[in-house]
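Down below is the structure, laid out as structure tokens.
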Amino acid sequence: MRSYQAMLNNGETLPIIGMGTYSGENDRETTETAIRTAIKMGYRHFDTAKIYGSELALGNALRRAIHDGLIEREDIHVTSKLWSSDHHDPVSALQQTLQRLGMEYIDLYLVHWPVALKAWVDYPVPAEEDFEELDMENTWSGMERCLEMGLCKSIGVSNFSSRKIEELIDFACVTPVVNQVEMHPMWRQRKLRSICGDYGIHLSAYSPLGGPGNAWGTTAVIDHPIIQSIAHKHNATPAQVALRWGLSQGSSVIVKSFNPRRMKENIGALDLTLDDWDLFEIEKMEERKIMRAEYLINDTTSPYKTIEELWDDEI
């Protein structure tokens with residue numbers, strides 16, 4: 001997998017296909033089994049977060065795989081995220097993440113959302129009264145301390161819009177290496193990709209298949225006639241076409257499945273090549289912005305309260 005790496009702005013590398021480890025059930029045994037299977041298939045990038053509840057299972061699975069000689073620590077990339085109730089002390093939050101993982105460092109630490117929650121909020125869907133004012137400058141200073149202390153190799157952000165990226169750049173001593181956001185053929189993030197590109201920030205795509213199974217998700221991406229037609233043309237699957245599109249934009253993709261057949265299918269996107277006509281056809285696909293916008297402005301974890309505000313920010 002070493003040839004399937006993205007170079008980050010600090011000289012570190014990132015495997016371009018990552019495995020998401022969030023599970024609503026938080027079944028530790030199932031998660032550990034899936035991660036071990038993924039390692040055997042060639043996955044080397046594993047994405048977790050405090051709020052996912054999967055850090056312990058991920059750490060157990062990776063340590064066991066290292067002990068068994070399946071991988072070396074330097075061959076894997078671990079990403080975790082600062083939850084919104086921990087903005088006041090990113091160093092302590094990361095130290096707790098490392099304790100759960102059983103690791104001395106992680107490869108990438110991201111600010112999960114550009115919102116702050118009160119210190120006791122440890123659930124994924126907070127109430128309106130759980131929010132407090134965000135001091136992003138102080139938060140980012142704490143992230144930079146994590147880097148200085150060797151607790152992580154790189155720092156970045158998640159769910160940051162174009163405007164929020166530019167606000168962060170104004171005071172950051174260390175430019176984020178990654179912005180992880182939702183992106184797929186029906187949410188192509190043109191403006192955000194351009195802004196991130198201007199600052200050398202790598203865009204990493206979560207829900208690269210449209211998030212089927214999530215509250216905001218849809219099967220419209222993999223069911224779309226254009227995606228289906230391109231898949232048939234290349235003797236590939238619609239999921240592989242959607243993932244290859246994301247990779248063709250210079251992004252990495254985070255895929256989430258614990259099903260061995262789908263895991264193998266997803267990593268098979270690395271073997272697919274889309275031609276210029278395929279990419280041209282995908283650009284014709286209607287973007288499902290209204291549906292996503294309605295979800296964002298109704299989601300209490302989102303900083304957007306009106307559709308107009310969302311369009312102005314254009315994440």
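The values are calculated or read from the model by the stated rules, or taken from the named source; none is laboratory data. Keep in mind that this is a model prediction, so the values were computed, not measured. In this analysis, Cβ positions are derived from the backbone assuming ideal geometry, glycine residues included, and neighbour counts consider all displayed protein chains. Keep in mind that these areas ignore ligands, DNA and RNA; they rest on the heavy atoms of the full protein, side chains included. Shrake-Rupley method; radii C 1.70, N 1.55, O 1.52, S 1.80 Å.
Descriptive notes on the structure:
- Residues that are open to solvent by 60 Å² or more (accessible area, probe 1.4 Å), of a type outside the set (Lys, Arg) and modelled with pLDDT under 95 are absent from the stretch 267-278 altogether.
- Per the conditions (1) in contact with a Lys or Arg (Cβ under 8 Å, 6 or more places away or on another chain); (2) closer than 17 Å to Leu14 by Cα, the sole criterion not satisfied by Glu55 is (2).
- Failed item, numbered, when Ser23 is tested on (1) surrounded by 15 or more Cβ atoms within 10 Å (Cβ to Cβ); (2) modelled with pLDDT of 95 or more; (3) out of contact with any strand residue (DSSP E or B) (no Cβ under 7 Å at 6 or more places or on another chain): (2)
- Check on Leu296, of a type in the set (A, V, I, L, M), assigned to a helix (DSSP H, G or I), open to solvent by less than 40 Å² (accessible area, probe 1.4 Å) and at pLDDT 95 or above: no
- Pair list, Cβ < 9 Å and 6+ apart or interchain, from the stretch 89-102 residues that are at positive phi to residues that are open to solvent by less than 70 Å² (accessible area, probe 1.4 Å): Gly102/Leu56; Gly102/Gly59; Gly102/Asn60; Gly102/Leu62
- Reported count of residues in the stretch 116-130, each being hydrophobic (A, V, I, L, M, F, W, C) and in contact with a strand residue (DSSP E or B) (Cβ under 8 Å, 6 or more places away or on another chain), is 2.
- Test: residue in the stretch 129-142 that is surrounded by fewer than 20 Cβ atoms within 10 Å (Cβ to Cβ), in a strand (DSSP E or B) and out of contact with any Gly (no Cβ under 8 Å at 6 or more places or on another chain): yes
- Tally, over the stretch 4-20, of residues that are outside any loop (DSSP other than H, G, I, E, B) and not β-branched (Val, Ile, Thr): 8
- Scanning the stretch 108-121 for residues that are of a type in the set (Phe, Trp, Tyr) and open to solvent by 60 Å² or more (accessible area, probe 1.4 Å) turns up just one, Trp120.
Conditions tested, residue by residue: (1) under 18 Å from the mean Cα position of the chain (by Cα); (2) basic (Lys, Arg); (3) surrounded by fewer than 17 Cβ atoms within 10 Å (Cβ to Cβ); (4) assigned to a strand (DSSP E or B).
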| position | (1), (2), (3), (4) |
| --- | --- |
| Tyr123 | no, no, yes, no |
| Ser154 | yes, no, no, yes |
| Thr175 | yes, no, yes, no |
| Gln180 | yes, no, no, yes |
| Arg193 | yes, yes, no, no |
| Gly211 | yes, no, no, no |
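- Answer from Thr97, Thr79 - the residue that is part of a helix (DSSP H, G or I) and not hydrophobic (A, V, I, L, M, F, W, C): Thr97
- Any hit, the stretch 77-100, residues being among the small types (Gly, Ala, Ser), open to solvent by less than 40 Å² (accessible area, probe 1.4 Å), in contact with a Gly (Cβ under 9 Å, 6 or more places away or on another chain) and under 19 Å from Met19 (Cα atoms): no
- Within the stretch 41-63, residues that are within 18 Å of Leu270 (Cα to Cα) and open to solvent by 30 Å² or more (accessible area, probe 1.4 Å) reach partners that are modelled with pLDDT under 95 and among the hydrophobic types (A, V, I, L, M, F, W, C) with beta carbons closer than 8 Å, at six or more positions or on different chains, in the pairs Arg44/Met1.
- Of Leu70, Leu82, all but one fail to be modelled with pLDDT of 95 or more and under 25 Å from Leu203 (Cα atoms); the exception is Leu82.
- Complete set of residues in the stretch 189-210 that are among the small types (Gly, Ala, Ser) and in contact with a strand residue (DSSP E or B) (Cβ under 7 Å, 6 or more places away or on another chain): Ser204, Ala205, Ser207, Gly210
- Residues of the stretch 156-173 that are touching a Pro at 6+ places or on another chain (Cβ under 8 Å), open to solvent by 10 Å² or more (accessible area, probe 1.4 Å) and closer than 17 Å to Asn10 by Cα: none at all.
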